[in-house]
Amino acid sequence: MTPQPLDDTQAAERERSAFFDAVRASTQTMPGLFAWGVVTGAAMMQSGLPLWQSLLMTLVVYAGSAQLAALPLLAAGAPVWVIAFTALMVNFRFVIFSAVIGPHFQHLSWRKRLWYGYNNVDLVMGFFPQRFPAHTLGKPAGKQGYFTGLAMSNWLAWQLGSLTGILLSQQIPASWGIGFAGSLALLAIAIPLVKNKPTVVGVVVACTVAVATVQWPYRLGLVVAMLVGILSAVLVEQWAVKRQEPA
């Protein structure tokens, strides 16, 4: 029997329910995101950026790894194209994120898709495909609410952490080792997302490649590790789906 389409009231209730489901799912990563934001905010101020530039950077760039990669280049007076290229390489994973999640929202206007692109961060990529895998394309009920719940939770935790780091940077001694604290924060974010075989394979492959290429210049090994890890996870997932298909 073909399911009946939802009316406006049912659709709105589905979106609200999905929104709060996403907020609840995000709570396990919020402390790690907040701590990572504090690390990045403090690093911006301690690198010599004035307050207004630090605030603008956290709001506009909104990507901790790219911000940290750009800071030493800014401090060294590197050319703009070098800084932009470095940030692009570090953030290249978002192209893959968009390729995975974008088709779910292709029915929306370009303005809405632009907003979704700004908010398509690691947390969203970690949770959204688990709730809405590829075979749910064309079934939009709940997707906008779930995405928005993930995006708002991530944005608030990150910005609050980053603002805390910016405003309290002078009170954070270097002896505290905030870089190491940032690594711990990333682990706190990543570990709850490792829930299935494709993710485990992707993590193991990415870590192996990252260690093997640690001596590569400009940290290109991290970019390669990220791409190979994502590709391996996708291949494992596709293989698992094919095994479940009837002969």
Conditions (1) closer than 24 Å to GLY117 by Cα; (2) more than 15 Å from the chain's Cα centre (by Cα): number failed by VAL39:
(1)
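Each row is one residue, and each column tells you yes or no for (1) at pLDDT 75 or above; (2) among the hydrophobic types (A, V, I, L, M, F, W, C); (3) surrounded by fewer than 16 Cβ atoms within 10 Å (Cβ to Cβ).
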| position | (1), (2), (3) |
| --- | --- |
| PRO173 | no, no, yes |
| ALA185 | no, yes, no |
| ALA188 | no, yes, no |
| LYS195 | no, no, yes |
| THR213 | yes, no, no |
| GLY221 | yes, no, no |
| LEU235 | yes, yes, yes |
| PRO246 | no, no, yes |
Every listed condition ((1) touching a residue at least 24 places away in the same chain (Cβ under 8 Å); (2) more than 22 Å from LYS143 (Cβ to Cβ); (3) over 18 Å from the mean Cα position of the chain (by Cα)) holds for VAL90 save (3)
Out of (1) surrounded by fewer than 17 Cβ atoms within 10 Å (Cβ to Cβ); (2) part of a helix (DSSP H, G or I), the one GLY48 does not meet is (2)
Just checking, which of LEU108, LEU55, LEU114 is of a type outside the set (Ser, Thr, Tyr) and farther than 16 Å from THR148 by Cβ?
LEU55
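Answer yes if at least one residue in segment 28-41 is more than 14 Å from LEU74 (Cβ to Cβ), surrounded by fewer than 18 Cβ atoms within 10 Å (Cβ to Cβ) and assigned by TED's automatic domain parsing to the domain that holds THR148, and no otherwise.
Start the filter on segment 28-41 by keeping residues that are more than 14 Å from LEU74 (Cβ to Cβ), which leaves 28-39, 41.
With surrounded by fewer than 18 Cβ atoms within 10 Å (Cβ to Cβ) added as a condition, the list becomes 28, 31.
Those left that are additionally assigned by TED's automatic domain parsing to the domain that holds THR148: 28, 31.
Yes: one or more hits.
Provide a single number: the residues in segment 52-63 that are free of Cβ contacts under 8 Å to residues at least 60 places away in the same chain, closer than 20 Å to TRP115 by Cα and either of a type outside the set (A, V, I, L, M, F, W, C) or assigned to a helix (DSSP H, G or I) (or both).
Start the filter on segment 52-63 by keeping residues that are free of Cβ contacts under 8 Å to residues at least 60 places away in the same chain, which leaves 52-53, 56-57, 60-61, 63.
In the following step, the residues that additionally are closer than 20 Å to TRP115 by Cα were identified as 56-57, 60-61, 63.
Right, trim to either of a type outside the set (A, V, I, L, M, F, W, C) or assigned to a helix (DSSP H, G or I) (or both) and you get 56-57, 60.
Final tally of qualifying residues: 3.
The values are calculated or read from the model by the stated rules, or taken from the named source; none is laboratory data. It should be emphasised that the depicted structure is a prediction, and the values quoted were computed from it without experimental measurement. Reconstructed Cβ throughout: ideal geometry from the backbone, glycine too, with neighbour counts over all protein chains shown.
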